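The values are calculated or read from the model by the stated rules, or taken from the named source; none is laboratory data. Keep in mind the model is a prediction, meaning the values are calculated, not measured. Positions of Cβ are generated from backbone atoms using ideal geometry, with glycine treated the same way; all protein chains shown enter the neighbour counts. SASA here: full protein model, heavy atoms, side chains in, ligands and nucleic acids out. Shrake-Rupley method; radii C 1.70, N 1.55, O 1.52, S 1.80 Å.
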Amino acid sequence: MKNKTFILYLLFSFGLFAFPIQRDTLENGLIILSYEDHKLPILEIRVVIKAGSVFDPEGKEGLANLTLKGLFRGTKNYPGLKIYEELEKVGARIGEGTGYDYAQISLSLLKKDLNLALDILSDCLFNPLFPDAEIEKLKSEIIAGILRDEGEPDYLLSREFYQNLFFNTPYAHPVVGKRESIERIKREEILDFYQRYYIPNNIFLVVVGDFFREELIQQINERFGKIPKGEIKEFSFPKINQLSGRKIKIIKKPEINQSYIMLGHLGIREGDKDMIPVRVMNFILGGGALTSRLGKEIREKRGLAYDVGSYFDRRFYAGAFVCEMQTEINNTQKAIEIILGEIKKMKEEGAKLEELKRAKKFYTGNFPLTFDSYAEKANLLSSIQFHQLGDDYLEKFPERIEGLTLEVINEMAKKYLDPDNLLLVIVGNIEEKDLALEGWEMIQE
């Protein structure tokens, strides 16, 4: 077993707060990141598996999500829904979620129940039964959820935007899949996906809270260490076609009395060397809520939107730059024109010194406070490990922020903002004839 200690630093308004993170690796390749904190007798556990929906086979979209959920529908030692019953008895909370890049199990518990939690986690991960009856129930539940979501404008907006932006790549379909693809998935395909990705050397654990490291590693090793490592299949993300010109897709919904809008283009992947300065640049443009340019210009000055902002959607293989907004139908065109103008202005003219100072203050002051709880620390460590940001990521974060200059920020705007090549998706009671946007090509159904 290998182990390593490193220090993560959080910068608070009153100075640096450091917490030591222990990294251990079992003989079968399973990695454990642990942080001891004895203030409260609780623990937060995260199990991260590199088995997100990006690995769904074509035509079987939703397989990754179905596999993760299936882990909790019957195991060797916990039949049916007994897993949830056992955890509820001790007041522990378990959750699961599949993303584009990885699947994750989260567990919140009291210190005294750690052995029970590890027994359940190991049984779910390495002894699932995937009973036919439970799989069919799960498929029905997921399809019912998709049908409900299809009535929500936010869901339709996001689905259409990413489907067209990441066309013909694994990022194009919703994580939960599609009704028709879920219906096609068979138990044998779930087993194959499980056996391919749920192997120790494709998994890592994060544990934050009240424990003693040597005891913790021993407890984990007893339950997880005997599972043999497997072969990690090589994966190559397909090339994404860049947008050429301005494209628009309208989903008309007469029952919706406002416009839901997403506008953007391909962005930057998480882990890229430019990610920190890009985030700061975007904070000035639209990430800083009411202090950003979009917030001030569209919401505060003109009152054109209920909600507006921009962000860089960061994923492992590729990312996206996105502006989102909700506005009244008759304000749709004007609000879009202002967004386009602000993107172009940021790209061509750059930021101002006072804007950069305000952004730096946020990232070195308020921002780190969001990582104060055990759960937030566990999520932070999971992200750092999965995206390979480096053990010194937070240690160097403050100096990277403070070292940013206007020249760097403006270089990011020129490099990563592209107002001439955009995708615009609108959901609402609106049609093409209601807009006078010149130079846009309509995407047909």
**Message:** Which numbered condition in (1) without any contact (Cβ under 8 Å) to a residue 40 or more places away in the chain; (2) open to solvent by 40 Å² or more (accessible area, probe 1.4 Å) is the only one that D418 fails?
**Reply:** (1)
**Request:** Quick one: D132 ticks every box in (1) free of Cβ contacts under 8 Å to residues at least 40 places away in the same chain; (2) surrounded by fewer than 20 Cβ atoms within 10 Å (Cβ to Cβ); (3) touching a helix residue (DSSP H, G or I) at 6+ places or on another chain (Cβ under 7 Å) except a single one, so which number is it?
**Result:** (1)
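Residues are listed down the side, and each one gets a yes or a no for (1) within 20 Å of K112 (Cβ to Cβ); (2) open to solvent by less than 90 Å² (accessible area, probe 1.4 Å); (3) modelled with pLDDT under 95; (4) out of contact with any Phe, Trp or Tyr (no Cβ under 9 Å at 6 or more places or on another chain):
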site: N201; (1), (2), (3), (4): no, yes, no, yes
site: F204; (1), (2), (3), (4): no, yes, no, no
site: L216; (1), (2), (3), (4): yes, yes, no, yes
site: E234; (1), (2), (3), (4): no, no, yes, yes
site: Q242; (1), (2), (3), (4): no, no, yes, yes
site: G245; (1), (2), (3), (4): no, yes, no, no
site: I248; (1), (2), (3), (4): no, yes, no, no
**Asked** Name the residues in segment 253-268 that are more than 18 Å from Y306 (Cβ to Cβ) and either open to solvent by less than 40 Å² (accessible area, probe 1.4 Å) or at pLDDT 95 or above (or both), would you?
**Response** G264, H265, L266, G267, I268
**Asked** Restricting the first residue to segment 280-298 and requiring it to be within 13 Å of I343 (Cα to Cα) and without any contact (Cβ under 8 Å) to a residue 12 or more places away in the chain, which pairs with a second residue that is of a type outside the set (V, I, T) and surrounded by 21 or more Cβ atoms within 10 Å (Cβ to Cβ) meet a Cβ separation below 6 Å and a spacing of at least six or different chains?
**Response** none
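To keep it simple, each residue is scored yes or no on (1) assigned to a strand (DSSP E or B); (2) more than 23 Å from T327 (Cβ to Cβ); (3) open to solvent by less than 50 Å² (accessible area, probe 1.4 Å).
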site	(1), (2), (3)
E407	no, yes, no
L423	yes, no, yes
A436	no, no, no
E441	yes, no, no
**Prompt:** When you go through (1) out of contact with any Leu (no Cβ under 7 Å at 6 or more places or on another chain); (2) in a helix (DSSP H, G or I); (3) closer than 30 Å to P238 by Cβ one by one for I343, which number turns out not to apply?
**Reply:** (1)
**Fill in**
Scanning segment 94-124 for residues that are under 23 Å from R159 (Cβ atoms) and of a type outside the set (G, A, S), the one surrounded by the most Cβ atoms within 10 Å (Cβ to Cβ) turns out to be Y102
**Asked** Counting only residues that are in contact (Cβ under 8 Å) with a residue 40 or more places away in the chain, open to solvent by less than 90 Å² (accessible area, probe 1.4 Å) and in contact with a helix residue (DSSP H, G or I) (Cβ under 7 Å, 6 or more places away or on another chain), which one in segment 219-231 is farthest from Q195 (Cα to Cα)?
**Response** Q219
**Asked** Somewhere in segment 70-87, is a residue in contact with a Ser or Thr (Cβ under 7 Å, 6 or more places away or on another chain), assigned to a loop (DSSP other than H, G, I, E, B), open to solvent by less than 40 Å² (accessible area, probe 1.4 Å) and small (G, A, S)?
**Response** no
**Request:** Being over 13 Å from E349 (Cα atoms) and among the β-branched types (V, I, T) is the filter; apply it to segment 409-445 and report the residue that is farthest from the chain's Cα centre (by Cα).
**Result:** I430
**Complete:** With the first residue restricted to segment 24-46 and required to be of a type in the set (K, R), and the second required to be in a loop (DSSP other than H, G, I, E, B), Cβ contacts under 8 Å at 6 or more apart or on different chains are K39/D210
**Request:** Quick one: count up the residues across segment 383-404 that are touching a residue at least 12 places away in the same chain (Cβ under 8 Å), more than 21 Å from L33 (Cβ to Cβ) and either touching a strand residue (DSSP E or B) at 6+ places or on another chain (Cβ under 7 Å) or assigned to a loop (DSSP other than H, G, I, E, B) (or both).
**Result:** 2
